[in-house]
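This report refers to the structure that appears directly beneath it.
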Amino acid sequence: MANPRAALACLEDVIALWSDLQDLCGPVELDIMNLDRARPVGRANGLAGMPLYERHPGEFARAQTVALTERMDTRWRRRLDRQRRAG
């Protein structure tokens, strides 16, 4: 990351968000993920759960569809990478 101070501030924001959510929801498992920075498989897996907030109705379902489509579209590259690493 180009700016370490900005990265630290972002991390502090994420930790504060996680702490606030724990206070609100109680002792539950929460995974926070930046879906905009995730790779296709991570994004699809991250959208497999349940949203805490949806700005517009249907937005989460649309994001799931896009993520799963992107995951399927890039499957051949992941397979090729595995084959190259295997020799």
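The values are calculated or read from the model by the stated rules, or taken from the named source; none is laboratory data. It should be emphasised that the depicted structure is a prediction, and the values quoted were computed from it without experimental measurement. A quick note on method: Cβ atoms are made from the backbone with ideal geometry, for glycine too, and the neighbour counts reach across all protein chains shown.
When we screen 43, 37, 62 for residues that are loosely packed, with under 12 Cβ neighbours inside 10 Å and at pLDDT 90 or above, the only hit is 62.
Listed here are the helices (runs of 4 or more DSSP H) enclosed by the range 40-87 that have at least 1 residues being under 13 Å from the mean Cα position of the chain (by Cα): 40-46, 59-73. Within the option set 16, 67, being surrounded by 13 or more Cβ atoms within 10 Å (Cβ to Cβ) and free of Cβ contacts under 8 Å to residues at least 40 places away in the same chain holds for one residue only, 67.
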